[in-house]
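Visitor: The following block contains the structure, expressed as structure tokens.
The values are calculated or read from the model by the stated rules, or taken from the named source; none is laboratory data. Quantities reported herein were computed from a predicted structural model and do not represent experimental measurements. Because the Cβ atoms are built from the backbone with ideal geometry, glycine has one as well, and the counts that use them run over all protein chains shown. These accessible areas exclude ligands, DNA and RNA; they are computed on the full protein's heavy atoms, side chains included. Shrake-Rupley method; radii C 1.70, N 1.55, O 1.52, S 1.80 Å.
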Amino acid sequence: MERLRLAIQKKGRLNEKSIELIKKCGIKINSSGNILSTSSENFPIDVLFLRDDDIPGYIADGVADIGIVGQNEIDEHGANVKIIENLGFAKCRLSIAVPRDTTYRNINDLQGKTIATSYPNILQAYLDKNNLNAEIHTISGSVEIAPAIGLTDAICDLVSTGSTLLFNGLIEVEEIYTSAAVLAATPFLTENKQRIVDKFMQRISSVKHANAYKYILLNAPNKKIKDIIKILPGIKSPTVMPLAIDGWSSIHTVIPEDAFWEKINELKQYGAEGILVTPIEKIIE
Ligand code: AMP
């Protein structure tokens, strides 16, 4: 039987979450140590562990069939791949930053300056769009150090928490692009491989769906059940079970995590007690 080749990042920000997603999809893989590839024993997938900036090229050439990679890597390499799912993790922004003591009013202050980056194509497109001339120095790592060692006036790099900028005495002045992890596929998928991708996608969507929801259990006085059900409608309807003491029931339901925080006070006003919130592994509808 044909097997699908899935490329994921070997080391770095996306590695752990990519492995977690594969495992949550019920696909068993060996992710230990320094292995460069592994075959799942219970799903027709082989996983290749690669450098993230190589992944778009491997997918575009059909060496890997699909891959989990930052949108930024795909756009920087202009790779001919199809984005089939936004995975939502590894959210970051590509920003221009300058040393803290620089006088900076607006983007026109970048005119004629030197900027270090690992993303020259995305940066050049931004400069062109804003009719700016700046000299780009392409470097592959430790970009944040460039102004301190006198290499450039500014940098353009990925920012997540902002702590690396802070640590290097830089302040973010322009956010030029936002990115997150995506699942991308080669344009050359065979029919058989497409079928495996569809199965994988079905599992990913049930995991993604489950991540956005919580299972909630609470005890409530019987006379308030109707009010509580109105604010906790659940997937079809909540389960209501009598407790061993008169006049009380246990209500079980599924709720979007964001909504839960909004409803907690209302639930308490209706006399809800012993509220338990637990993660859901998968939701299959
Ligand atoms: P932070 O200190 O959390 O803002 O992270 C900044 C450092 O991590 C920079 O060196 C970035 O190049 C790198 N980084 C942040 N987010 C990502 C991401 N989603 N993918 C790859 N590298 C990232």
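Visitor: Give me the one-decimal nm value for the distance between modelled label points at residue 133 and residue 243, 7 Å along each residue's Cα-to-Cβ direction.
Guide: According to this spin-label approximation, the distance is 7.6 nm.
Visitor: Now for a different question. Give the relative contact order (percent, whole number) for the chain; include only Cα pairs under 8 Å separated by 6+ residues. Mind showing how you got there, number by number?
Guide: Working: 532 pairs, mean separation 54.8, N = 285.
Relative contact order, the chain: 19 percent.
Visitor: Residue by residue through region 102-107, which ³J(HN,Hα) values in whole Hz follow from phi under the Karplus form 6.51 cos²θ - 1.76 cosθ + 1.60 (θ = phi - 60°), with glycine and proline marked x?
Guide: 6, 7, 9, 9, 7, 4
Visitor: Gaussian network model of the chain, Cα springs within a sub-10 Å range: biggest mean-square fluctuation belongs to which of 183, 110, 218?
Guide: 218
Visitor: Identify, among 165, 202, 145, the residue whose Cα sits farthest towards the positive end of the charge dipole of the chain, taking +1 on the Cβ of Lys and Arg and -1 on the Cβ of Asp and Glu, with the dipole about the Cα centre.
Guide: Towards the positive end, the residue furthest out is 202.
Visitor: Pull up all non-local amide H partners of residue 113: gap of 5 or more, or a different chain, and H-to-H distance under 5 Å with H placed in the peptide plane.
Guide: Counting only residues 5 or more places away or on other chains, the set is 135.
Visitor: Which residue fluctuates the most in the chain, going by a Gaussian network model with Cα springs under 10 Å, if the choices are 186, 161, 178?
Guide: Top of the fluctuation ranking is 161.
Visitor: For a test of understanding, tell me how many lysine pairs in region 213-279 have Cα atoms under 19 Å apart, given they are 8 or more places apart or on different chains.
Guide: 14
Visitor: Expressed as a whole number of Å, what is the distance separating the alpha-carbon centroids of region 208-285 and region 44-96?
Guide: Centre-to-centre (Cα) distance: 39 Å.
Visitor: How large, in percent, is the carbon and sulfur part of the accessible surface of region 58-148 at a probe radius of 1.4 Å?
Guide: 44
Visitor: A follow-up question, please. On a 0 to 90 degree scale, rounded to 10, what angle separates helix 257-269 from the longest Cα axis of the chain?
Guide: For 257-269 against the chain, the angle is about 40 degrees.
Visitor: Take residue 262 and residue 105, extend 7 Å from each Cα along the Cα→Cβ direction, and tell me the distance between the two endpoints in nm.
Guide: Rounded to a tenth, the inter-label distance reads 4.3 nm.
Visitor: Still on this structure, please answer the following. Which of the lysines could a cross-linker span from residue 23 if the Cα-Cα distance has to be under 19 Å and same-chain partners fewer than 8 positions apart are dropped?
Guide: Reachable lysines: 10, 11, 199, 208, 282.
Visitor: Can you pull the Rg over Rh of region 17-96, Cα-only, Kirkwood?
Guide: 0.97
Visitor: Also, I was wondering about something else. Which of 91, 24, 268 moves most in a GNM of the chain, Cα contacts under 10 Å?
Guide: 268
Visitor: Taking the Cα atoms only, what angle lies between the long axis of helix 15-24 and the longest principal axis of the chain, rounded to 10 degrees?
Guide: Compared with the principal axis, the helix lies near 30 degrees.
Visitor: Just to confirm the filter: which chymotrypsin sites (Phe, Trp or Tyr not before Pro) across region 112-195 are DSSP coil and have at most 15 other Cβ within 10 angstrom of their Cβ?
Guide: 188
Visitor: Residue 4's amide H: which non-local residues (gap 5+, or another chain) put their own amide H closer than 5 Å, with H modeled 1.01 Å from N in plane and none for Pro or chain starts?
Guide: It is 45, 46, by chain and number.
Visitor: A follow-up question, please. What number do you get for region 92-179 when its Cα radius of gyration is normalised by 2.2 N^0.38 Å, N = residues? Walk me through the numbers before you get to the answer.
Guide: Numbers: Rg = 11.5 Å, N = 88, 2.2 N^0.38 = 12.1 Å.
It is 0.95.
Visitor: Loop only per DSSP, at most 10 neighbouring Cβ atoms within 10 Å: give me the GluC sites (Glu not before Pro) in region 34-124, ordered by residue number.
Guide: 41
Visitor: Taking Rh as the Kirkwood radius, which is the inverse of the mean 1/r over Cα pairs, what is the Rg/Rh value for the chain?
Guide: Numbers: Rg = 24.5 Å, Rh = 22.2 Å.
Checking Rg against Rh, the ratio lands at 1.10.
Visitor: If you take the charge dipole of the chain about its Cα centre, with +1 on Lys and Arg Cβ and -1 on Asp and Glu Cβ, which of 244, 233, 189 is farthest toward its positive end?
Guide: About the Cα centre, the residue reaching furthest to the positive side is 244.
Visitor: Under unit Cβ charges (Lys, Arg +1; Asp, Glu -1), what dipole magnitude, rounded to 20 debye, does region 174-241 have relative to its Cα centre?
Guide: Here region 174-241 has a charge dipole of around 600 debye.
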